[in-house]
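Peer 1: Please read through the structure below; I'll follow up with questions.
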Amino acid sequence: MENKKIIIGNQKMYMSIGEVSEFLKGITGKNLGSNIVICPSSIYIPYFLKHRYCVGIQNISFDDKRQYTGEISAKQASDTGIKYALVGHSERRLYFNEDNELINKKVIALLQNNIIPILCIGETIEEKNLLKTNRVLKNDIVSCLKNISSDDLEKIIIAYEPIWAIGTNRIPTMSEIKSNVNYIKDLINKIFKKDVRVVYGGSVNSNNINKLNKIDNLDGFLIGGSSTKSEEFLKIIEVVVNQ
Ligand code: 13P
């Protein structure tokens, strides 16, 4: 199932151990390529690594070797075989007060440890209605990517996730996604003189993936709820890989 587009499943904190076991059974033998990244709860990561799936971690500490009870460092993640990490997810910003300064430190820590950061950015519904989307995206990009070199920039993936589309079954119009993704790509090109990969996230499912996958400037998808059921996740992968 190799394909240039990347499909990232963010399973959040949804699953019980039994559900993880069912999910693993469901994807057994499906030969998921290295462009399919699964981000389980950290406690389940070893099960996925054991079966050689490409794994991302949902959160990472900004620093190594400190007395930080409960945290996982980028070095520990890298040594374990984790290849990707979500950073700046709106749920971490909202419920754990993560700001762009902290997110920038996490991006740097990940790059130093050869983990690909998947940097999540996106506007709230209020910001969208006040036509502030571009301003929000620009502020997030400039602050979260402070002191990142052009060479490192190429390793980063940006996830455009409108906050109002997460877990709501509402998605922007195809032209809104296309124009916001263009804005992100053009801005990064202007700042870093390099191209960046941008994926879309927010209520992606097997019913809307056909039309979402036709947006021609997207490099893939970040999928929450629909990545927790193997059948649904595989249906989405099938469309992206074969369309
Ligand atoms: P949903 O696909 O459940 O809307 O979640 C999106 C998300 O937050 C992925 O990081």
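Since every read-out is calculated from the coordinates, none of them should be taken as a lab result. Being a predicted model, the structure only gives us computed values, none of them experimental. Virtual Cβ from ideal backbone geometry, glycine too; neighbours counted across all protein chains shown.
Peer 1: Taking the number of other C-beta atoms within 10 Å as the exposure measure, put VAL240, VAL87 in order starting with the fewest. Before the final figure, lay out each step's value.
Peer 2: Details: VAL240 23, VAL87 28.
Placing the least packed residue first, the sequence is VAL240, VAL87.
Peer 1: Further question on the same structure: Would you kindly state how much longer the chain becomes between GLU154 and THR168 on full extension, computed as 0.36 nm times their sequence separation minus their alpha carbon distance, in nm to one decimal?
Peer 2: Length gained, GLU154 through THR168: 1.9 nm.
Peer 1: How many angstrom separate the Cα center of the stretch 12-56 from the Cα center of the stretch 164-188?
Peer 2: Using only Cα atoms, the two centres lie 27 Å from each other.
Peer 1: Once the dipole of the chain is set up with Lys and Arg at +1 and Asp and Glu at -1 on Cβ about the Cα centre, which of VAL136, SER179, THR228 lies farthest towards its positive end?
Peer 2: Farthest towards the positive end: SER179.
Peer 1: Report the extension gain between ASP79 and HIS51 in nm, rounded to one decimal, defined as 0.36 nm multiplied by the number of residues separating them, less their alpha carbon distance.
Peer 2: Extra length available between ASP79 and HIS51 comes to 8.4 nm.
Peer 1: Same structure, new question: Please state the relative contact order of the chain as a whole percent: Cα pairs under 8 Å, 6+ residues apart? Show your work: numbers first, answer last.
Peer 2: Details: 430 pairs, mean separation 48.8, N = 243.
Contact order relative to length: 20 percent.
Peer 1: Now, a different point. Return the single residue from LYS128, LYS229, LYS211 with maximal mean-square fluctuation; model: Gaussian network over the chain, springs between Cα atoms under 10 Å.
Peer 2: LYS211
Peer 1: Moving on. Compute the Kirkwood hydrodynamic radius of the chain, taking the inverse of the mean of 1/r over all pairs of distinct Cα atoms, and give it in Å to one decimal.
Peer 2: Values: mean 1/r = 0.0555 Å⁻¹.
Averaging 1/r across every pair of different Cα atoms and inverting gives 18.0 Å.
Peer 1: Need the list of aspartates and glutamates near LYS194 for cross-linking: C-alpha distance under 12 angstrom, and skip anything on the same chain fewer than eight residues off.
Peer 2: LYS194 reaches ASP151, ASP152, GLU154, ASP186.
Peer 1: Further question: I'd like the FRET efficiency for GLU19 and ASN97, computed as 1/(1 + (r/R0)^6) with the beta carbon distance as r and R0 of 35 Å, rounded to 0.05. Could the numbers behind the result be given before it?
Peer 2: Values: r = 29 Å, r/R0 = 0.84.
Computed FRET efficiency for GLU19 and ASN97: 0.75.
Peer 1: Relative to the Cα centre, what is the charge dipole magnitude of the chain, using +1 at the beta carbon of each Lys and Arg, -1 at the beta carbon of each Asp and Glu, and rounding to the nearest 20 debye? Display every interim value, and only then the final one.
Peer 2: Values: 32 positive and 27 negative charges, 61 e Å.
That gives a dipole near 300 debye.
Peer 1: Cut-off is 10 Å between beta-carbons; in what order do LEU212, LEU49, LEU131 appear when sorted fewest neighbours first? The partial results should precede the final answer.
Peer 2: Working: LEU212 21, LEU49 15, LEU131 9.
Going from sparsest to densest Cβ surroundings: LEU131, LEU49, LEU212.
Peer 1: Considering every pair of different Cα atoms, what Kirkwood radius, in Å, is found for the stretch 58-163? Intermediate values should be presented prior to the final figure.
Peer 2: On the way: mean 1/r = 0.0706 Å⁻¹.
Computed over the stretch 58-163, the radius equals 14.2 Å.
Peer 1: To continue, here is another question. Could you list ASP216, ASP63 so that the one with the fewest beta carbons within 10 Å of its beta carbon is first and the one with the most is last? Show your work: numbers first, answer last.
Peer 2: Numbers: ASP216 7, ASP63 14.
Lowest to highest Cβ neighbour count: ASP216, ASP63.
Peer 1: In debye, nearest 20: dipole of the stretch 77-157 around its Cα centre with unit charges on the Cβ of K, R (+) and D, E (-)? Walk me through the intermediate numbers first.
Peer 2: Details: 11 positive and 12 negative charges, 17 e Å.
With only Lys, Arg, Asp and Glu charged at Cβ, the dipole is about 80 debye.
Peer 1: Here's something else I'd like to know. Give me a comma-separated list of calculated 3J(HN,Hα) values for the stretch 31-46, in order, Karplus coefficients 6.51, -1.76, 1.60 applied at θ = phi - 60°, integers in Hz, x for any Gly or Pro.
Peer 2: Working through the residues one at a time gives 6, 6, x, 6, 8, 9, 10, 10, 10, x, 4, 3, 5, 9, 3, x Hz.
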